[in-house]
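The values are calculated or read from the model by the stated rules, or taken from the named source; none is laboratory data. Note that this is a predicted model, so its numbers are computed, not measured. Positions of Cβ are backbone-derived with ideal geometry, glycine not excepted, and every protein chain shown enters the neighbour counts. All accessible areas refer to the heavy atoms of the entire protein, side chains included, with ligands and DNA or RNA removed. Shrake-Rupley method; radii C 1.70, N 1.55, O 1.52, S 1.80 Å.
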Amino acid sequence: MLFSPLTLGELELPNRLVMAPLTRLRSGEEGIPGPLVVEHYRQRASLGLIVSEGTYPSPAGRGFPGQPGLVTPEQLQGWSNVTSAVHAEGGRIFAQVMHAGRVTHQDTTGGHEVVAPSAIAIDGETRTYAGKKPFPVPRALGTEELPGIVDEFVTASRKAIEAGFDGVELHSANGYLLHEFLTPAANQRDDIYGGTPENRVRFVIEVAEAVVAAVGADRVGIRISPEHNVQGAVELDAADVQKTYGLLVDGLAPLNLAYLSVLHKEPTSALVQDLRARFGGTFLVNTGFGEITTRDEAVALVADGHADAVVVGRPAIANPDLARRWRESLPVNEPDPSTFYADGATGYTDYPAYQN
């Protein structure tokens with residue numbers, strides 16, 4: 001089943017392996033994907049679907065040095081080169097639209113103010129263009145500002161489609177802005193977007209509704225990570241998690257999105273499978289950062305009916321022809337973590353395809 005076709009929105013995927021959105025920091029200070037980025041994605045076009053690394057919808061939403069954007073004409077041309085190369089190889093690619101929220105610093109955003117649901121800083125440091133620095137206390141967004149943030153997601157999504165992407169994935173995971181609205185650890189608002197689970201899911205649903213209205217439901221997926229507990233988005237109250245994410249998915253289900261992608265270390269858990277039942281559409285799972293997903297695990301997740309497709313990260317980094325290797329049970333390259341967030345081709349475009 002893992003190597004059988006899958007209908008996802010208007011796309012027909014040749015297999016059920018999805019390349020995870022992977023932060024790789026190869027787009028320079030101007031956030032423009034260059035020839036190296038083009039080659040990286042082109043090499044991996046045989047995967048059922050590629051989801052791009054997180055792309056920022058506005059300068060204030062930039063989380064990392066070297067992260068690409070969906071803002072300037074130069075960035076869009078860079079992405080157009082990427083999508084053209086992927087499509088020329090027969091591939092399919094979605095852009096992940098990611099506003100970093102409080103997971104950034106003014107030295108990374110070019111001086112733009114760091115914003116979040118509430119004025120609560122992450123305990124830790126972040127890499128900036130001026131070196132490592134403590135996360136700043138963000139400014140809490142006013143209620144009247146939120147429609148403008150929605151517009152940023154909409155504009156970036158439209159630009160992504162214009163640049164040739166087959167769709168967009170809204171990043172509502174891993175502690176970034178949309179996720180910050182979901183978790184009480186980052187959201188202590190007293191307006192209609194904070195407090196109860198019903199209020200905390202409101203903004204994410206509004207963003208999804210607006211993007212669907214702009215580019216069409218078949219072109220929109222969303223990624224969530226309940227209980228992942230990274231970058232200050234700590235979710236330890238199981239009852240609150242179940243209520244919050246159940247309400248979120250209940251609100252998303254009527255939109256008929258292309259897919260829901262869930263990052264969770266136990267994709268067969270009652271929580272994750274309840275979300276699948278509530279969603280009722282194409283369901284992707286990703287086992288997370290703790291351990292590398294193996295071929296056997298991916299095969300079992302689809303064969304046992306726990307997911308329609310499996311999202312993989314490190315295996316896709318190290319094996320541009322991962323679909324073939326896993327389908328034919330061939331040996332695989334091992335990823336080199338020291339090159340994940342480096343510059344240049346090493347550990348990025350130099351992993352070899354399998355040679356007969």
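Which lysines does LYS243 reach when only Cα atoms under 27 Å apart count, and residues fewer than 8 places away in its own chain are ignored? Partners within reach: LYS265. Here the Debye sum runs over all C-alpha atoms of the stretch 299-354 as equal scatterers in vacuum, and log10 of I(q)/I(0) at q = 0.14, 0.29, 0.30 Å⁻¹ comes out as -0.45, -1.15, -1.19. Diffusion of the chain by Stokes-Einstein, at 25 °C in a medium of 0.890 mPa s and with Rh set to the Kirkwood radius over alpha-carbon pairs, works out to 122 µm²/s. With a ≥ b ≥ c taken as the square roots of the eigenvalues of the C-alpha gyration tensor of the stretch 143-297, please select rounded if a/c is under 1.5 and otherwise prolate if a/b is larger than b/c or oblate if it is not? Oblate, because a/c is 1.5 or more while a/b does not exceed b/c.
Overall, the ratio between the Cα radius of gyration of the stretch 219-356 and 2.2 N^0.38 Å, rounded to two decimals, is 1.17. What separates the Cα centres of the stretch 206-285 and the stretch 54-113 is a distance of 22 Å.
The DSSP beta bridges internal to the chain are antiparallel in roughly 20% of cases. In terms of packing, defined here as the mean over residues of other Cβ atoms within 10 angstrom, the peptides 226-238, 88-100 line up highest first as 88-100, 226-238. Given 10 Å bins starting at zero, what is the percent of C-alpha pairs of the stretch 257-322 in each, up to the one with the largest pair distance? Taking every Cα pair in the stretch 257-322, the percentages come to 21, 55, 21, 2.
Whole number in Å², please: accessible area per residue of the chain, 1.4 Å probe, ligands, DNA and RNA not counted. Write out the running numbers ahead of the final one.
Numbers: 13310 Å² over 356 residues.
Per residue, the chain has an accessible area of 37 Å².
With each run of n ≥ 4 DSSP H residues scored as -39500 (n - 2.57), what mean residue ellipticity at 222 nm is computed for the chain after dividing by its residue count and rounding to the nearest 500 deg cm²/dmol?
Working: 12 runs with 115 residues, N = 356.
When only DSSP H runs of four or more count, the value is -9500 deg cm²/dmol.
Eigen-decomposition of the gyration tensor built on the alpha-carbon atoms of the stretch 37-170 gives equivalent ellipsoid semi-axes of 29, 17, 12 angstrom, largest listed first. Where a ≥ b ≥ c are the square roots of the eigenvalues of the C-alpha gyration tensor, would you call the stretch 23-86 rounded, which needs a/c under 1.5, or, failing that, prolate if a/b is larger than b/c, or oblate? Note, shape of the stretch 23-86 comes out prolate. Extension gain, SER4 to TYR354, is 123.9 nm, computed as 0.36 nm per intervening residue step minus the present C-alpha separation.
For the chain, with all protein chains present and a 1.4 Å probe, just round the carbon and sulfur fraction of the accessible area to a whole percent. Carbon and sulfur: 51 percent of the exposed surface of the chain. Among VAL299, VAL285, VAL220, the largest mean-square fluctuation in a Gaussian network model of the chain (Cα springs under 10 Å) belongs to VAL299.
Could I get the Rg over Rh figure for the stretch 212-260? Both from C-alpha atoms, Rh via Kirkwood, rounded to two places. Mind showing how you got there, number by number?
Values: Rg = 12.9 Å, Rh = 12.2 Å.
Reported Rg/Rh (Cα atoms, Kirkwood Rh): 1.06.
The GNM of the chain, with springs linking C-alpha atoms under 10 angstrom apart, assigns the highest mean-square fluctuation among ILE149, ILE122, ILE292 to ILE292.
When the Gaussian network model of the chain links Cα atoms closer than 10 Å, the mean-square fluctuations of TYR176, TYR41, TYR341 top out at TYR341.
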